[in-house]
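Asker: Before I ask anything, let me first share the structure, which is written out below as structure tokens.
Throughout, read-outs are computed from the coordinates displayed, never taken from laboratory work. Nothing here was measured: the structure is a model prediction, and the numbers come from that model. With ideal geometry, Cβ positions are generated from the backbone for all residues, glycine too; neighbour counts draw on all protein chains shown.
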Amino acid sequence: MSRIAYVNGRYLPHADAGIHIEDRGFQFADGVYEVCEVRDGLLVDARRHLDRLDRSLSELRISAPMTRAALLVILRETVRLNRVRNGIVYLQVTRGIARRDHGFPSADTPPSLVVTARASDPKANAAKAQAGVKVITVPDNRWERVDIKTVGLLPNVLAKQQAREQGAYEAWFIDEDGTVTEGASTNAWIVTQNDALVTRPADTGILRGITRTVLFEVAGALGLRVEERAFTLAEALEAKEAFISSASGVVLPVVALDGRPISSGVPGPVAAALRARFHEHAETQA
Ligand code: PLP
């Protein structure tokens, strides 16, 4: 079955789904995106993802391409056309197509919208969670507004590639002060020796992950104590557990950091419990 993408008003086979060479997303990375989990054919936490999209757009003064209701129709239709039961739906909004010039185009330039959907194997993700993943660390060399989910992801791309080349799954960015900010495409967490769940505050130094937000609720239901504060690499290396969170992977335990095992080097019970209970707290929409 050929995959179908939505591009500026049309559903097209991927082979024909192109964007104009003067789209500002292509020219300047002048756009934002969202990734939403699809589970049993339903969108997970769409409301929260679209709230974050609205925020990203307004921070960059890009207008919304359409109403939320219309966007939801396109998201669901793209999932349906691609027969995705489990996987992700991706959406990208850019400042539109205009003659190349750094300043904003005229206010009547319509934003561009691209939506794609992709199936993934829940068993493969569960196997990854069973085995745990390895993480390396890299200096955080990103701009100050990583709270905006822009398609300008070059430092994240390079960090992820470095992780792969070193046999790891994810890279954690380390701030100038030695604290962990987040992963290249995930939020970072540890469980301390005194059983506190620690993750960095979502100021402008990290992306406020939707999975992260829902995990606060899950942690509450499990009676776990959460501390929203920065933690150092040294603290992570001494932690009982570490894990990463994202819409596509939910919760994945980290078993090694820079080649050194976390605890005994096997996934821990807290990450497993958070993962097991996650979808009781996430919102699903038909
Ligand atoms: N941090 C970064 C840099 C990301 O790119 C992502 C997801 O793509 C996350 C965190 C996790 O966010 P969410 O839980 O909304 O997927």
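Asker: Name the single residue, out of those in the range 58-70 being touching a residue at least 40 places away in the same chain (Cβ under 8 Å) and in a helix (DSSP H, G or I), that is nearest to I206 (Cα to Cα). First the steps, then the outcome.
Answerer: Step one: list which residues in the range 58-70 are touching a residue at least 40 places away in the same chain (Cβ under 8 Å), which gives 59-66.
Retained after the next criterion (residues that are in a helix (DSSP H, G or I)): 59-60.
Details: E59: 15, L60: 17 Å.
My answer is E59.
Asker: Among the residues of the range 139-173 satisfying the criterion of being surrounded by fewer than 17 Cβ atoms within 10 Å (Cβ to Cβ) and not in a loop (DSSP other than H, G, I, E, B), which is nearest to the chain's Cα centre (by Cα)?
Answerer: Result: V157.
Asker: Out of everything in the range 1-13 that is outside any loop (DSSP other than H, G, I, E, B), of a type outside the set (V, I, T) and touching a residue at least 60 places away in the same chain (Cβ under 8 Å), what residue ends up being farthest from V93 (Cα to Cα)? Quick ask: steps written out before the conclusion?
Answerer: Here is the first cut: in the range 1-13, the ones outside any loop (DSSP other than H, G, I, E, B) are 4-7, 10-13.
Then keep just the ones that are of a type outside the set (V, I, T); that gives 5-6, 10-13.
Add one more test, that the residue is touching a residue at least 60 places away in the same chain (Cβ under 8 Å), and what stays is 5-6, 11.
Numbers: A5: 14, Y6: 12, Y11: 16 Å.
Per the stated criteria, the residue is Y11.
Asker: In addition: Can you pull out every residue in the range 219-230 that is out of contact with any Pro (no Cβ under 8 Å at 6 or more places or on another chain), within 16 Å of the ligand (Cβ to nearest atom) and not in a helix (DSSP H, G or I)? If you could, list the steps in order and put the result at the bottom.
Answerer: Taking the range 219-230 as the starting set, the residues that turn out to be out of contact with any Pro (no Cβ under 8 Å at 6 or more places or on another chain) are 219-227.
From the residues that got through so far, the ones that are within 16 Å of the ligand (Cβ to nearest atom) too are 219, 226.
Within the range 219-230, just V226 meets the criteria.
Asker: So which residues in the range 236-248 are of a type outside the set (V, I, T) and in contact with a Ser or Thr (Cβ under 7 Å, 6 or more places away or on another chain), if there are any at all? Let's see the steps before the verdict.
Answerer: If we filter the range 236-248 for residues that are of a type outside the set (V, I, T), which is where we start, we get 236-243, 245-248.
Result: A239, K240, E241, S245, S246, A247.
Asker: Just for the range 18-49: of the residues that are assigned to a loop (DSSP other than H, G, I, E, B) and of a type in the set (D, E, K, R), which one is nearest to the ligand (Cβ to nearest atom)?
Answerer: Restricting attention to the range 18-49, the residues satisfying the condition of being assigned to a loop (DSSP other than H, G, I, E, B) are 18-22, 29-30, 40-41, 45.
In the following step, the residues that additionally are of a type in the set (D, E, K, R) were identified as 22, 30, 40, 45.
On the way: E22: 26, D30: 18, D40: 19, D45: 8 Å.
In this case the residue turns out to be D45.
Asker: Yes or no: T211 among the hydroxyl-bearing types (S, T, Y) and within 16 Å of the ligand (Cβ to nearest atom)?
Answerer: yes
Asker: If I ask for residues that are within 16 Å of the ligand (Cβ to nearest atom) and either among the hydrophobic types (A, V, I, L, M, F, W, C) or more than 16 Å from the chain's Cα centre (by Cα) (or both), which ones from the range 232-252 would you list?
Answerer: Taking the range 232-252 and keeping what is within 16 Å of the ligand (Cβ to nearest atom), we get 242-252.
Selection gives A242, F243, I244, A247, V250, V251, L252.
Results for (1) in contact (Cβ under 8 Å) with a residue 24 or more places away in the chain; (2) in a strand (DSSP E or B); (3) under 28 Å from G152 (Cβ atoms), shown as yes or no for each residue.
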site	(1), (2), (3)
Q193	yes, no, no
A202	yes, no, yes
T213	yes, no, yes
E217	yes, no, no
A236	yes, no, yes
I244	yes, yes, yes
L252	yes, yes, yes
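Asker: Also: Starting from residues that are surrounded by 20 or more Cβ atoms within 10 Å (Cβ to Cβ) and either part of a loop (DSSP other than H, G, I, E, B) or among the aliphatic types (A, V, I, L, M) (or both), keep the ones in the range 174-191 and report whichever is farthest from the ligand (Cβ to nearest atom).
Answerer: V191
Asker: Give just the number: which of (1) touching a Gly at 6+ places or on another chain (Cβ under 7 Å); (2) part of a strand (DSSP E or B) does P267 not satisfy?
Answerer: Unmet condition: (2).
Asker: May I pose another question? Kindly list, by first and then second residue, each pair from a residue in the range 96-115 that is closer than 12 Å to D30 by Cα to a residue that is hydrophobic (A, V, I, L, M, F, W, C) and not in a strand (DSSP E or B), limited to pairs with Cβ atoms under 7 Å and residues at least 6 apart or on different chains.
Answerer: Cβ pairs passing all conditions: P105/A98; P111/I62; S112/I19.
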